[in-house]
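Sharing a structure with you now.
The values are calculated or read from the model by the stated rules, or taken from the named source; none is laboratory data. Being a predicted model, the structure only gives us computed values, none of them experimental. With ideal geometry, Cβ positions are generated from the backbone for all residues, glycine too; neighbour counts draw on all protein chains shown. Just so you know, the surface numbers come from the protein's heavy atoms only, side chains and all, with ligands and any DNA or RNA stripped out. Shrake-Rupley method; radii C 1.70, N 1.55, O 1.52, S 1.80 Å.
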Amino acid sequence: FGRSPQDKLDFIKSLQYDEHKVMMIGDGLNDSGALKQSDLGIAITDDVNNFSPGSDAILDGKSFDKLPAFLRFAKDTVKIIHFSFLISLVYNIIGLSYAVTGRLSPLTAAILMPLSTVTIISFTSMATHLAAKKRKLS
């Protein structure tokens, strides 16, 4: 607070130089340089439609009290993505082992391929919805 845009930018650069991860929360265009430089820049605004700074996220000012829940939700979604990759990897290893040995017909492969996509999309959608509900964000 009470710092010039250049002071904020220099402070973030100094923290990053010391190998710190920096999250910047700003409320205006005078923070845009610091928001962009930070590892995670969150702009807080009362009118989300008329605000477009160089930040990673824009948070409605009315939802500021939910910021800790949003950050925990973001960590949850990273776990969901990792688990989705694991499901896909297992599916492809099993499918590849059948295909290489010649026990998988092209017709079966043509059916299973879109089925795997539907499975992954369904899993991520449901898991993300449940994670948001758990954090009381939905």
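If residue 12 satisfies every condition in (1) within 25 Å of the chain's Cα centre (by Cα); (2) open to solvent by 70 Å² or more (accessible area, probe 1.4 Å) but one, which is the exception?
With (1) within 25 Å of the chain's Cα centre (by Cα); (2) open to solvent by 70 Å² or more (accessible area, probe 1.4 Å) applied to residue 12, the lone miss is (2).
Moving on to the next point. Considering 39, 46, 31, which residue is without any contact (Cβ under 8 Å) to a residue 40 or more places away in the chain, open to solvent by less than 50 Å² (accessible area, probe 1.4 Å) and out of contact with any Leu (no Cβ under 8 Å at 6 or more places or on another chain)?
Unique residue meeting the criteria: 31.
Just wondering, is there one or more residues in segment 84-91 that are open to solvent by 70 Å² or more (accessible area, probe 1.4 Å), more than 30 Å from residue 66 (Cβ to Cβ) and either touching a Cys at 6+ places or on another chain (Cβ under 9 Å) or not hydrophobic (A, V, I, L, M, F, W, C) (or both)?
Scanning segment 84-91 turns up at least one residue that is open to solvent by 70 Å² or more (accessible area, probe 1.4 Å), more than 30 Å from residue 66 (Cβ to Cβ) and either touching a Cys at 6+ places or on another chain (Cβ under 9 Å) or not hydrophobic (A, V, I, L, M, F, W, C) (or both).
Please give the number of the condition residue 136 fails out of (1) loosely packed, with under 11 Cβ neighbours inside 10 Å; (2) within 30 Å of residue 10 (Cβ to Cβ); (3) in contact (Cβ under 8 Å) with a residue 60 or more places away in the chain.
Single failed check for residue 136: (2).
Identify the residue in segment 95-117 that is under 18 Å from residue 85 (Cβ atoms) and of a type in the set (Gly, Ala, Ser) and, among all such residues, is modelled with the lowest pLDDT.
So, considering only residues that are under 18 Å from residue 85 (Cβ atoms) and of a type in the set (Gly, Ala, Ser), the one modelled with the lowest pLDDT is 95.
Right, something else. Restrict the check to segment 59-67 and report whether at least one residue is surrounded by 11 or more Cβ atoms within 10 Å (Cβ to Cβ), closer than 30 Å to residue 120 by Cα, of a type in the set (Asp, Glu) and free of Cβ contacts under 8 Å to residues at least 40 places away in the same chain.
Scanning segment 59-67, I find no residue that is surrounded by 11 or more Cβ atoms within 10 Å (Cβ to Cβ), closer than 30 Å to residue 120 by Cα, of a type in the set (Asp, Glu) and free of Cβ contacts under 8 Å to residues at least 40 places away in the same chain, so the answer is no.
If you don't mind, there's one more thing I want to ask. Kindly state which helices (runs of 4 or more DSSP H) lie completely within segment 1-108 and contain at least 1 residues that are under 30 Å from residue 131 (Cα atoms).
Those helices (runs of 4 or more DSSP H) span 32-37, 67-100.
Spot the failing condition for residue 79; the list is (1) free of Cβ contacts under 8 Å to residues at least 12 places away in the same chain; (2) more than 30 Å from residue 15 (Cβ to Cβ), and only one is missed.
(2)
If you check 45, 77, which single one turns out to be closer than 29 Å to residue 137 by Cα, among the β-branched types (Val, Ile, Thr) and at pLDDT 95 or above?
77
How many residues are surrounded by 13 or more Cβ atoms within 10 Å (Cβ to Cβ), out of contact with any Gly (no Cβ under 9 Å at 6 or more places or on another chain) and of a type outside the set (Val, Ile, Thr) if we restrict to segment 93-129?
5
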